[in-house]
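The values are calculated or read from the model by the stated rules, or taken from the named source; none is laboratory data. Values in this document were obtained by computation on a predicted structure and should not be read as measured data. Note: ideal-geometry Cβ built from the backbone for every residue, glycine included; neighbour counts use all protein chains shown.
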Amino acid sequence: MSTISVIGAGGMAATIGGLAVRAGHTVEVTSRDAVKARTLVGQLGAGATTGTFGAAPAGDIVILAVPYAAVLDVVKQYGEELAGKLLVDITNPIDADFKGFVIPEDSFGAQEIVKVAPANADVVKAFNTQFSHVLAARPGGGNPVDVFLAGGDARAKGRVSAFIESLGLRPMDTGLLPMARTLEHAALLTLRLVTHSVNHTNFSLGIGLPG
């Protein structure tokens, strides 16, 4: 197994970090709030460590588990410390009313991260279309939880896919990084479903494969 660095200490950080620890990975947690990072590491238990926010992450795979409103500043603060890293963007640039996006119409969240990340960092979109408690539950049998991903580098996507599989989830490659725009729209779809028809968050978007 490998070392995975998680930047952030909220719900998604706890879920992905918890699944990773159970899968045998070493998880490094960093956060602007060092107390929250230490608390999360304590919850994750053996296999989790606390890193220093802004310092070079220990893992080659770095999960950007902060809200979109903060992620660009976080990536800028790390700067060249993220050079050569594989950045997994789980964010959604959706406004507070769940009616649209907080980015220019000709862009998408993952692309904005690419603009501020080191040139030799790979960015892969993943995990953004599922609720954290759905990921944590990992229903088995014939109902796998699908994690859609998009990215421009095949090797980077292969590594993220392997990581997703190690968590007991099913990776679904949607193509090159511009497909992240579609995945961000899919996240908006889930939130609109919660608001207008499903009325709860105990569901997931996924692929049904007959046969």
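List of remarks:
- Tally, over the range 119-135, of residues that are of a type outside the set (S, T, N, Q), crowded, with 17+ Cβ neighbours inside 10 Å and more than 20 Å from Val75 (Cβ to Cβ): 3
- Scanning the range 77-92 for any residue that is loosely packed, with under 15 Cβ neighbours inside 10 Å, at pLDDT below 95 and in a loop (DSSP other than H, G, I, E, B) turns up nothing.
- Pair list, Cβ < 7 Å and 6+ apart or interchain, from the range 51-78 residues that are among the acidic types (Asp, Glu) to residues that are part of a loop (DSSP other than H, G, I, E, B): Asp60/Lys85
- Subset of the range 175-194 (residues that are buried (at least 19 other Cβ atoms within 10 Å of the Cβ) and either at pLDDT below 95 or of a type in the set (S, T, N, Q) (or both)): Thr190
- If you filter the range 109-134 down to residues that are among the hydrophobic types (A, V, I, L, M, F, W, C) and out of contact with any strand residue (DSSP E or B) (no Cβ under 8 Å at 6 or more places or on another chain), you find that the one that is farthest from Ala56 (Cα to Cα) is Val134.
- Residue count, the range 166-193 (criterion: without any contact (Cβ under 8 Å) to a residue 12 or more places away in the chain and over 14 Å from Phe127 (Cα atoms)): 1
- Of the residues making up the range 85-99, those that are in contact (Cβ under 8 Å) with a residue 12 or more places away in the chain and more than 18 Å from the chain's Cα centre (by Cα) number 1.
Here's the yes/no breakdown for (1) of a type in the set (Phe, Trp, Tyr); (2) modelled with pLDDT under 95; (3) at negative phi; (4) in contact with a Lys or Arg (Cβ under 7 Å, 6 or more places away or on another chain):
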| residue | (1), (2), (3), (4) |
| --- | --- |
| Pro118 | no, no, yes, no |
| Phe127 | yes, no, no, no |
| His133 | no, yes, yes, no |
| Ala137 | no, yes, yes, no |
| Gly142 | no, yes, yes, no |
| Phe148 | yes, no, yes, no |
| Gly158 | no, no, yes, no |
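- Evaluation of Gly45 against the conditions (1) at pLDDT below 95; (2) in contact with a strand residue (DSSP E or B) (Cβ under 8 Å, 6 or more places away or on another chain) shows that the sole unmet condition is (2).
- Residue within the range 49-65 that is assigned to a strand (DSSP E or B), over 14 Å from the mean Cα position of the chain (by Cα) and β-branched (Val, Ile, Thr) present: yes
- Residue selected from the range 112-167 under the condition basic (Lys, Arg) and assigned to a helix (DSSP H, G or I), by the criterion farthest from Val71 (Cα to Cα): Arg155
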